[in-house]
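Each value in this text was obtained by applying a stated rule to the coordinates, not by laboratory testing. Bear in mind the structure is a predicted one, so any value in this text is a computation, not a measurement. Note that each Cβ is placed from the backbone with ideal geometry, even for glycine, and that neighbours are counted across all protein chains shown.
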Amino acid sequence: LGIFTQVVATCAAAGSVEGANRAFRAAKAAGLQPDCQLYTALMGAYCKGGRLDEAFKVFHEMEAAGVAANRFTFGTLIDGCSKSKQVAKAFGVYGIMMSRKVAPDRHIFHALIEACGKSNSLDRAFDVLQDMKAEKVAPDDYTTTLLLTACNTCGQVERAMGVYRVMRKKGFAKSPAPFTAAINACSTTGSLEAACKIYRDMLKDKVKPDEMVYCALMKVATAAGNVEKAFALLPEMRLRGLTPSIMAYDSLLNTCCKMGLPERAVEVYRTLTAERCKPGVSTFNALLQTLCDAGQLDEALGLLDAMGREGVLLNARSYIVLLGSCAKAKRVDVGVRLFHDAELEGHANN
RNA sequence: GCCUGUGAGUAGAACCUUU
């Protein structure tokens, strides 16, 4: 059973619902009676694949087989409901769980908070926090991060800052994630000062920033229109012992794109190539967009060779950007050729 | 007797999926 469960879980992690299903059936075919863990792993696969109904079918099958669900089972289902934005269902499962006298843990509350955030029910997210305390489950960094993210998606910057202040007062932030979420709240208001303050708080609290922190800061700097600040974060990262990866470079390319700075974008591209970072489609799309927005269609077309060399295929987005630029420049011949390429590669279907 | 190993569910940026 352990081996089959691992196979199911591995398939789920790889996004192969079919593989998970096959492994589950193989366990049965081997004459094994599935236990709670195996059923739960299969439900997880369905949930991750967005096939919530089938996850519930497995749950009912499990119940019919007389196998009792535990907190892992309920946690998997609630998380699946959250990912499919089915808040009511998530709380329904929570209700069943409580009626079965299964003690909830952090995962349960976290999945519920996430579900509330996704459905714009911020007040309810805070109710869950109260429930959590009532059940004597202590909030941690994950809890704070989820609450901050919920505030952000609901556009409640002030509330996010409130959560952040409480977190710092209690002093339990040990990881960079809650700080990143708090910084992200600042990009809504474009308040670079507030974001920098959070960054300084983090250093003061002896939490080591990771690359995502810098990407979030770059985003805020861009929203505030402060290009120099965004670029200054690159040496700052290095100063803290981090080597910028394609993530940071992509963020800077986005800055160039939003601010209309084709020369600097090309400069960033040169740097990341020199640093042996592997550019992806998003890297090239940001570059293409920047160049096209600036009317530099030929420079953009020149990049296509580089893409080929890097083994990066154009996607629909790349073609849309290029075709728009061809249209604006009235370059019919180039546009038609690109469109044919797009057709051949199956990107001309929308 | 000792040692070791033994399966399942959570968070943050950007991107992509989907102009």
Among the residues in the range A:4-20, are any under 25 Å from A:ALA103 (Cβ atoms) and not in a helix (DSSP H, G or I)? no
Residues that are touching a helix residue (DSSP H, G or I) at 6+ places or on another chain (Cβ under 6 Å) and part of a helix (DSSP H, G or I): does the range A:168-176 have at least one? no
Helices (runs of 4 or more DSSP H) wholly inside the range A:26-99 containing at least 2 residues that are near RNA strand B (Cβ under 8 Å from one of its atoms) and under 17 Å from A:ALA13 (Cα atoms): A:36-48, A:71-83
Suppose the filter is out of contact with any strand residue (DSSP E or B) (no Cβ under 7 Å at 6 or more places or on another chain), in contact (Cβ under 8 Å) with a residue 24 or more places away in the chain, more than 24 Å from A:GLY260 (Cβ to Cβ) and away from RNA strand B (no atom under 12 Å from the Cβ); does A:LYS328 pass it? no
Select from the range A:236-275 the residues that are closer than 12 Å to A:MET218 by Cα and aromatic (Phe, Trp, Tyr) and list them in ascending order. A:TYR249
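Would you confirm, using the coordinates I've provided, whether A:THR180 is near RNA strand B (Cβ under 9 Å from one of its atoms) and either surrounded by 14 or more Cβ atoms within 10 Å (Cβ to Cβ) or not charged (D, E, K, R) (or both)? Spell out the reasoning first.
Details: near RNA strand B (Cβ under 9 Å from one of its atoms): yes; either surrounded by 14 or more Cβ atoms within 10 Å (Cβ to Cβ) or not charged (D, E, K, R) (or both): yes.
When the stated conditions are applied, A:THR180 passes them.
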One residue from A:LYS118, A:LYS174 being surrounded by fewer than 15 Cβ atoms within 10 Å (Cβ to Cβ), within 13 Å of RNA strand B (Cβ to nearest atom), farther than 24 Å from A:LYS258 by Cβ and within 23 Å of the chain's Cα centre (by Cα): A:LYS174
Mind listing whichever residues of the range A:187-206 are within 11 Å of RNA strand B (Cβ to nearest atom) and within 14 Å of A:THR153 (Cα to Cα)? A:SER187, A:THR188
Looking at (1) touching a Gly at 6+ places or on another chain (Cβ under 8 Å); (2) assigned to a loop (DSSP other than H, G, I, E, B), which is the one condition that is false for A:PRO104? (1)
How do the helices (runs of 4 or more DSSP H) wholly within the range A:178-277 filter down when requiring 2 or more residues that are more than 17 Å from the chain's Cα centre (by Cα) and closer than 29 Å to A:LEU301 by Cα: which remain? A:211-223, A:227-239, A:246-259, A:262-274
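Looking only at the range A:128-152, which residues are assigned to a helix (DSSP H, G or I) and in contact with a Leu (Cβ under 9 Å, 6 or more places away or on another chain)?
So the first thing to find is which residues in the range A:128-152 are assigned to a helix (DSSP H, G or I), and the list is A:128-134, A:141-152.
Answer for the range A:128-152, where residues must be assigned to a helix (DSSP H, G or I) and in contact with a Leu (Cβ under 9 Å, 6 or more places away or on another chain): A:VAL128, A:LEU129, A:ASP131, A:MET132, A:THR143, A:LEU147, A:ALA150, A:CYS151.
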Let me confirm something: among A:ALA248, A:ALA265, which residue is surrounded by 15 or more Cβ atoms within 10 Å (Cβ to Cβ), touching an Asp or Glu at 6+ places or on another chain (Cβ under 9 Å) and of a type in the set (A, V, I, L, M)? A:ALA248
Checked pairs for the range A:16-29, first closer than 12 Å to A:ALA41 by Cβ, second of a type in the set (Val, Ile, Thr), C-beta under 6 Å and 6 or more apart or across chains, list as A:ALA20/A:VAL8; A:ALA23/A:VAL7; A:ALA23/A:VAL8; A:PHE24/A:VAL8
